[in-house]
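Notes to accompany the following structure.
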Amino acid sequence: MKKFLVLTLLTLSASAFAQMCEVDMVDLRGRRLDTFRAYSYGDDCLEGMKECRKLIRLRGLLNRADCVRVGSQQPNPYPVPNPYPVPNPYPVPNPHPVPNPYPNPNPNPYPNPNPGPIPPGYGLEVTALIEDRLVSMNGFDASELYINCLSAVRTTYGSVDEILVTINNGRYAARSTSGWYSDTDICSIIEQQARVTGRTYGNTNRITGTLENRPFQIISNDRGDLLRQCVSTFSAMNLGQTDEMNVSVNGAPFRKLTTSGWWNTPAKSCTAMLVNIDPLL
């Protein structure tokens, strides 16, 4: 009985010296989510802080909430900025301003014409000759372009052994095989070209020349449009088999192009010409 009385007295004494304290659980904007009450024995409401942090873990709020002692002088770890700041009506100018030693009032008017590989998400515009058929496709990135290519190729193209492709006005890429390209081969070639193609800026180019003895002229400011116009122009000539052409880029001296066999379609004539003049565009 005496032991029980002693324990009771000790408990009552501890409670007498303890103070009730509160801890708020707040979110990243300082808004109160919950409040915890506990006794503090000069330990800065340690029990309340423990209970608050325990519930943060249980509720899955780690790194999204924190515990703050109510009435403490600790600064709010997540201050909310004043949405209506009042400017100082009497600003004091800096008595010792430091001038910029490298003023640059005008941006560079000449952007880098070859800034490197296309970053993810840039967007890809493709113009290609797959065998003798002209095709255009696009994709958000190289992976989506591959999927879009499969959807187009599987329902349209049969046996293929030659490909010419330009992406986002990039250099022409010509591929051929002694066998046959499958649909996945075709789309893999286009995907790989998309991953290494640099963004280039368009310049107006004037291509003049003769195919066999028939004159032609094409004016274009990007390689995709040039490919489409070439196929359309050569198709309208209705020449059948050809083996000789003369071509000039932007008034430069003519180049004579020949083949030991035949260019028996407009697509093959265009491929021969565009691959040859590509470095001059």
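Where a number appears in this text, it was derived from the coordinates with a stated rule and is not lab data. Everything numeric in this text was worked out from a predicted model, so none of it was measured. Here the Cβ positions follow ideal geometry from the backbone for every residue, glycine too, while neighbour counts run over all protein chains shown.
Quote the FRET efficiency, to the nearest 0.05, computed for residue 188 versus residue 57 with a Förster distance R0 of 41 Å and r equal to the Cβ-Cβ distance.
With R0 = 41 Å, the Cβ-Cβ based efficiency is 0.25.
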Problem - Lys, Arg +1 and Asp, Glu -1 on Cβ, resulting dipole of the range 199-281 about Cα centre, debye, nearest 20 - result: 140 debye
Problem - FRET E, pair residue 161, residue 241, Förster distance 22 Å, beta-carbon r, rounded to 0.05 - result: 0.75
Practice task
Estimate the FRET efficiency between residue 50 and residue 29 by the formula 1/(1 + (r/R0)^6), using the beta-carbon distance for r and 22 Å for R0, to the nearest 0.05.
Solution key: 0.35
Handout entry: Projected-area average for the range 136-281 over all orientations - Cα convex hull basis, square nanometres
Key = 9.0 nm²
Exercise for the section: Name the aspartates and glutamates eligible as straight-distance cross-link partners of residue 50: C-alpha to C-alpha under 19 Å, and not fewer than 8 places from it in the same chain. Expected result: 22, 24, 27, 34, 66
Practice task
For residue 268, go through the aspartates and glutamates and keep the ones whose alpha-carbon is under 18 Å away, minus same-chain ones fewer than eight residues off.
Solution key: 131, 132, 161, 162, 212, 225, 243, 244, 278
